[in-house]
Amino acid sequence: MANIVAIVGRPNVGKSTLFNRMIGERKSIIDDISGVTRDRIYGFSEWGTKSFTLVDTGGFVHGSDDIFESAIRSQVQIAIDEATVILFMTDVTTGITDLDAEIADKLRRGKKPIICLVNKVDNSQRDLQANEFWALGFDNTLFLSSITGSGTGELMDLINTYLPADSDDENQ
Ligand code: GDP
Ligand code: MG
């Protein structure tokens, strides 16, 4: 079974931007309008000697907050069930929202390794603002800018620490 790394989080936080950067091609659609990734999108990513399947989640529909929130909940549950590592993405420009807190609660109960990503940390002022996200309680919290790529190398290193070595992988 291949390693699966899933990116979950609210619409518009930058999941698809990070996904495209990590797989090195534009496969996910990025848009300023929330909810533009219609489905789960899979890509292949590797870093050093390790590789994994990356999942960009979306599947949200326009028109109803209830529908998009329930779609997020089900994507979070699928990630808890299937992923080796879960990337929980948040957005420094909005601060912690109620939905972020709810997703964080659900992820904490899921027992999978979580890396909390505070995205859109494009400059030093945002780096200070990002500290509020430690309140979500994840030891693995990284600040990054998916647009500039700042912090993404550190993220790849951290993901790799949760993946089995290649020789183990062959036996799975
Ligand atoms: P998704 O809905 O979570 O998949 O978010 P998208 O990847 O579609 O991005 C939503 C918006 O945020 C787009 O306008 C992106 O260009 C923008 N965005 C993504 N990452 C960053 C970042 O690191 N910094 C800034 N300033 N904007 C970003
Ligand atoms: Mg998207």
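Residue by residue through segment 140-153, note down the ones that are closer than 22 Å to Ile72 by Cβ and open to solvent by less than 20 Å² (accessible area, probe 1.4 Å). Those that are closer than 22 Å to Ile72 by Cβ and open to solvent by less than 20 Å² (accessible area, probe 1.4 Å): Thr141, Leu142, Leu144, Ser146. When the residues of segment 4-29 are filtered to those that are crowded, with 16+ Cβ neighbours inside 10 Å, in contact with a helix residue (DSSP H, G or I) (Cβ under 7 Å, 6 or more places away or on another chain) and assigned to a loop (DSSP other than H, G, I, E, B), the one that is modelled with the lowest pLDDT is Ser28.
Considering only segment 114-139, state which residues are away from ligand 1 (no atom under 16 Å from the Cβ), within 25 Å of Glu69 (Cβ to Cβ) and either over 12 Å from the mean Cα position of the chain (by Cα) or surrounded by fewer than 16 Cβ atoms within 10 Å (Cβ to Cβ) (or both). Selection gives Glu132, Trp134, Ala135, Leu136, Gly137, Phe138.
The values are calculated or read from the model by the stated rules, or taken from the named source; none is laboratory data. Everything numeric in this text was worked out from a predicted model, so none of it was measured. When we count neighbours, we look across all protein chains shown, and the Cβ atoms used for this are built from the backbone with ideal geometry, even at glycine. Surface areas here come from the heavy atoms of the whole protein model, side chains and all, with no ligands, DNA or RNA. Shrake-Rupley method; radii C 1.70, N 1.55, O 1.52, S 1.80 Å.
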